[in-house]
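Colleague: Sharing a structure, written as structure tokens. Questions coming.
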Amino acid sequence: MSSFSPSTPIQLQIRKIIFEKYNDIDTKFTNDEIFDTIKQGGDFDSTWIIDDLEPYINEICDSGLTRNIAQNFTTIWLKLFDPIKKHHCNTCDNDVYLGDSEKQECPNPSCTAAI
């Protein structure tokens, strides 16, 4: 993996994509769909493959935002536990997206301030 550092942390990009496209507890979506959207935005390491996204997908499952409902090789199907709400973190000055059942702290790894 290269030393590329995105201007917006991948964690925040993923949450924004889910908020904008899949913010319904009955909607199924995949890590492939999220990865394709990140690639279209261009703020990612161009050497990445879908497997590089897996730790971030596991992170949002562990946080209580999503649940893994199925998996087939590298494709992971997900659903939200709760609809996501948009917040603004005054500490890192980013918009952040959190579910009600999650710990209400900034998901930016360089921040983690209370929201």
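The values are calculated or read from the model by the stated rules, or taken from the named source; none is laboratory data. Source: prediction; values computed, not measured. Every residue, glycine among them, receives a Cβ derived from its backbone with ideal geometry; neighbour counts consider all protein chains shown.
Colleague: Can you tell me which residues in region 19-64 are at positive phi and surrounded by 13 or more Cβ atoms within 10 Å (Cβ to Cβ)? Write out each step before concluding.
Modeller: First, the residues of region 19-64 that are at positive phi: 42, 64.
Gly64 - this is the single residue of region 19-64 that is at positive phi and surrounded by 13 or more Cβ atoms within 10 Å (Cβ to Cβ).
Colleague: Being of a type in the set (Ser, Thr, Tyr), surrounded by fewer than 12 Cβ atoms within 10 Å (Cβ to Cβ) and not in a loop (DSSP other than H, G, I, E, B) is the filter here; which residues of region 84-115 pass it?
Modeller: Once the filter is applied, which keeps residues that are of a type in the set (Ser, Thr, Tyr), surrounded by fewer than 12 Cβ atoms within 10 Å (Cβ to Cβ) and not in a loop (DSSP other than H, G, I, E, B), region 84-115 yields nothing.
Colleague: Here's another thing I want to ask about it. Considering only residues that are in contact with a Ser or Thr (Cβ under 6 Å, 6 or more places away or on another chain) and not hydrophobic (A, V, I, L, M, F, W, C), which ones fall in region 65-115? Spell out the reasoning first.
Modeller: Just the residues of region 65-115 that are in contact with a Ser or Thr (Cβ under 6 Å, 6 or more places away or on another chain), to begin with: 75, 77-78, 80-82, 102, 105-106, 111, 113.
The answer is Thr75, Asp82, Glu102, Glu105.
Colleague: Out of Lys16, Lys79, I need the residue that is modelled with pLDDT of 95 or more, surrounded by fewer than 17 Cβ atoms within 10 Å (Cβ to Cβ) and basic (Lys, Arg). Which one?
Modeller: Numbers: Lys16 fails: surrounded by fewer than 17 Cβ atoms within 10 Å (Cβ to Cβ).
Exactly one residue qualifies, and that residue is Lys79.
Colleague: Got a sec? Which helices (runs of 4 or more DSSP H) wholly within region 5-83 have at least 1 residues that are touching a Pro at 6+ places or on another chain (Cβ under 8 Å)?
Modeller: On the way: elements: 10-21, 31-41, 54-62.
Per the criteria, 10-21.
Colleague: Let me ask something else. For region 30-57, what are the residues that are at pLDDT 95 or above and among the polar types (S, T, N, Q)?
Modeller: Thr30, Asn31, Thr37, listed by residue number.
Colleague: Considering only residues that are in contact with a Lys or Arg (Cβ under 8 Å, 6 or more places away or on another chain) and under 22 Å from Thr112 (Cβ atoms), which ones fall in region 30-63?
Modeller: Matches in region 30-63: Ile60, Cys61, Ser63.
Colleague: Those residues that are touching a residue at least 40 places away in the same chain (Cβ under 8 Å) and in contact with a helix residue (DSSP H, G or I) (Cβ under 9 Å, 6 or more places away or on another chain), I need them from region 24-52; list them, please. First the steps, then the outcome.
Modeller: Start the filter on region 24-52 by keeping residues that are touching a residue at least 40 places away in the same chain (Cβ under 8 Å), which leaves 24-32, 44-48, 52.
Once the filter is applied, which keeps residues that are touching a residue at least 40 places away in the same chain (Cβ under 8 Å) and in contact with a helix residue (DSSP H, G or I) (Cβ under 9 Å, 6 or more places away or on another chain), region 24-52 yields Thr27, Phe29, Asn31, Asp32, Phe44, Asp45, Ser46, Trp48, Asp52.
Colleague: Out of all the residues in region 61-81, which are of a type outside the set (Phe, Trp, Tyr), under 18 Å from Gln11 (Cβ atoms) and touching a Leu at 6+ places or on another chain (Cβ under 8 Å)? So that I can check it myself, show each step before the final result.
Modeller: Step one: filter region 61-81 for residues of a type outside the set (Phe, Trp, Tyr), giving 61-72, 74-76, 78-80.
Keeping just the survivors that are under 18 Å from Gln11 (Cβ atoms) gives 61-68, 76, 78, 80.
Correct list: Cys61, Leu65, Thr66, Arg67, Asn68, Leu80.
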